[in-house]
Every structure is written in structure tokens, then in C-alpha cells.
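> Encoded as C-alpha cells, here's the structure I'll be asking about.
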Amino acid sequence: MPTSSTQLPALDSINSTEQPNSNINLFSKFIHSDEQLFTDFYSLWIVLMVVNAIIFLVGVVLNSLALYVFCFRTKTKTTSVIYTINLIVTDLLVGFSLPVRIIMFYSAGDCKNCSLVHIFGYFVNMYCSILFLTCICVDRYLAIVQVEASRKWRNPTCAKGICIFIWIFATVVTFSILTMAIRFAECCLSKILVLMVCEYFFPLIIIIFFTTRIMCALSKPSLMHQSRERRMRAVQLLITVLIIFMICFTPFHVLQVTISINPDMPHNVSLLVYHVTVTLSSLNSCMDPIVYCFVTNNFQSTMKNIFRKTEPEQTNADILGMNKNSKGSNAIIAFSNTIGSPLSLPSPSSVQI
């Protein structure tokens, strides 16, 4: 991970400017290092490190399996699948950043630039997760409510272009605002607020708006041609995303806004709340796999197939017995076709959204 001064401003250059302490102190109100928590609240630091280790293990395993399913077991790469693959990548990067925090804490020492590079990467991936979740919700609304009008927008080429734009947008906005917040203390508050609006509150408003619209629209007779299962999955997806926003992202951003309004918040309070809310924001890498279940029809059955033990082959006697009882066999087959086999692999035509 590069740590040159071309990526983030070196603190040495900050120290040579006027009022260096005010810059660093004001910025430290928004971002606290692990070293501060380790020194002041060692027990809590241990608890949070254990929680982060669990999030890392669970998140990496679930998202690695999901990436395999969507890349290699899902033949039709629809727009929602493309957004989901990018979301999985961001969740994996967030997960891999968690052990990096511990490694850097013990090896980087007083290298503030190393910490800032890690913070920058973590924030970029967190905001990419937020924006990709927003894209999935908007895409679901268009697929259910605006079917005909959105056909030209809901295509893989357009989805890939939007994903590239999101990666660039999140990187540029986070880098510029983080740099400005470090260099100029007087505009730190306003810059942090701009970041909150662009990459959290605006997506949250979009998700709430489209969730409300889709829940109202699904009761209209004009949408009765959509299957009830598909409509219910759309509602479940949007509600799940809202829950993830409320649990994972809202506490952290509420803290940032609170500090912007009240910069004189006691240091111990902001230190504790910051690290707890950052840990909650990492939890989304474990909760996002719930969203994946609503993106394609057979994601759950495909996941079960990965762990399913191979069933023993039928013997000739078994086959002969089945032939003798053809009526019972036909009834079983008809019943299986009615309820669907939970362990069947999705065919390219069945994995639709």
C-alpha cells in the first residue's frame, strides 16, 4: 500500500504551516486512531478487535462464496448482477482492511500517513458499498414499476459504465475532501458535511423514496402481470437495504454530523462512539449477503448446492421398484415440479431478476 506524500498530505508539511495543532486537533475529532483507543480504553479495544476479527472471517467467507456464485454459476449477467458483483468486491475490500488495521497499529508506529492511507481506502470502499446498494434498489424499482420505460437504461453496458463512475466518484470525492479537511481547519466542518450529503444522505433519501414508491405501486392493478413472488422479493430487498443503512451506516454519519454541529464534544465520548460506529459500518460486509438472496431467483439454492453431499446413485432394484409404482412416482414428480426443488442448480434462463 503506497504511502507517499503524493497520495495524502504529509503531516510534516502540515506542521510547518500556521496553526498546525488546530488542523490536526479538529481533524482528529472526526477520525480517531486505534492507538488512542488502545491507550485510553484497552478493554474496549480488545472487544472491538475480536468483533472485527469475526466480521472479517464471516464477511470474507460469505462474500467469496457469493462472488463465485455470481461470477461462475450465474450465466445471465443482468444489471442487478453487475451491481451486486461490484458490491461484493467492496465488501471484500472492507473485510480485508480490518486485519490491516491491526497490522498497521503494531508495525507502522507513528506513521500518520500510513493511517491516513488506510482511512482513505476504508472510506472509499464504505461509500462505494452505499452507492452500489442504492443502484440495486433503483434498478429493482425500474424492473418492477417502469418496465418498458427503463429498457434502454437497464442493460449491462450502461450498468458497467455506472459502476466505473461510482468507483471514480467515491475515490475523487473522498480524497479531495479528506485532503482539504487535513490542510485547512477552517473549512473542515463544511467539507465533512459535503461528504456526508454526497455519499450518505442523498443515497438514503433515494432509497427511502423508491422504497415508498415501489410499495405503493405494487398494489396497483397495472402491475398484476408481475408475479407475486417477484414483487415480494423486490419489497424484501428494499427493506433489507434500509435496515442495513439504519444499523451499519446511520450511527457513524449521525456522529459526524453531531461533531460538526458541536465540535466541543468531550474527547472520550467522541473516541468511544467513533470506534463503535466504525465497527458497525464494517458489519455491512456480513449483512449484504442477505441482499444477494433477493437479487436472483436461485441464489439460495445454488449456495446450498455448493455444500450438498453427492447423493448415492440409485441401484437397479431401486429403479425397478420405481417403475412398478409409476402412479406414485408420477405424483411425486408432479408435486416436486409444483413446489420446486430447493437444491437444483439454476439454469441460465431461470436466473432472472
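Derivation of every value follows stated rules applied to the coordinates shown; laboratory data play no part. A quick note: this is a predicted structure, and the numbers were derived from the prediction, not measured. Reconstructed Cβ throughout: ideal geometry from the backbone, glycine too, with neighbour counts over all protein chains shown.
> Can you sort PHE294, PHE252 so the residue with the fewest Cβ neighbours within 10 Å comes first?
Details: PHE294 24, PHE252 20.
Ordered by Cβ neighbours within 10 Å, fewest first: PHE252, PHE294.
> Does a label point 7 Å from the Cα of ASN155, set along Cα-to-beta-carbon, have any residues of the stretch 53-85 with amide nitrogen under 16 Å, and which are they?
77-80
> Using the Cβ atoms and a cut-off under 14 Å, what net charge is assigned to the surroundings of CYS128, where Lys and Arg are +1 and Asp and Glu are -1? Don't jump to the answer; show the numbers that get you there.
Working: positive: none; negative: ASP91, GLU199, ASP288.
So the surrounding residues net to -3.
> TYR141: net charge of surrounding residues, Cβ under 12 Å, Lys/Arg +1, Asp/Glu -1, itself excluded? Write down the numbers at each step before the final one.
Values: positive: ARG140, ARG154, ARG213, ARG231; negative: ASP139.
It works out to a net charge of +3.
> Another question, if that's okay. Among ASP40, ASP34, ASP139, which comes first, then next, by fewest other beta-carbon atoms within 10 Å? Please list the in-between numbers first.
On the way: ASP40 14, ASP34 19, ASP139 26.
Least crowded to most crowded, the residues run ASP40, ASP34, ASP139.
> Okay, moving on. If R₀ is 30 angstrom, what is the calculated FRET efficiency for the pair CYS293 and TYR106, using the beta carbon separation as r and rounding to 0.05? Provide the component values of the computation, followed by the final result.
Working: r = 38 Å, r/R0 = 1.26.
For R0 = 30 Å, the calculated efficiency reads 0.20.
> Based on the Cβ-Cβ distance from ILE46 to MET246, what FRET efficiency comes out when R0 is 22 Å, to the nearest 0.05?
On the way: r = 27 Å, r/R0 = 1.24.
It comes to 0.20.
> If I take R0 = 56 Å and measure r between the Cβ atoms of VAL194 and ILE306 in this structure, what FRET efficiency does the formula 1/(1 + (r/R0)^6) give, to the nearest 0.05? Spell out each step's value before the answer.
Working: r = 43 Å, r/R0 = 0.77.
So, using R0 = 56 Å, E works out to roughly 0.80.
> While we're on this one: Please arrange GLU199, GLU35, GLU148 by counting, for each residue, the other beta carbons lying within 10 Å of its beta carbon, fewest first. Walk me through the numbers on the way to the answer.
Values: GLU199 24, GLU35 14, GLU148 6.
By the 10 Å Cβ count, ascending, the order reads GLU148, GLU35, GLU199.
> Find out how many positive minus negative residues lie around GLY161, taking Lys and Arg as positive, Asp and Glu as negative, among other residues whose Cβ is under 15 Å from that of GLY161.
Values: positive: LYS77, LYS152, ARG154, LYS160; negative: ASP139.
Cβ neighbours under 15 Å give a net charge of +3.
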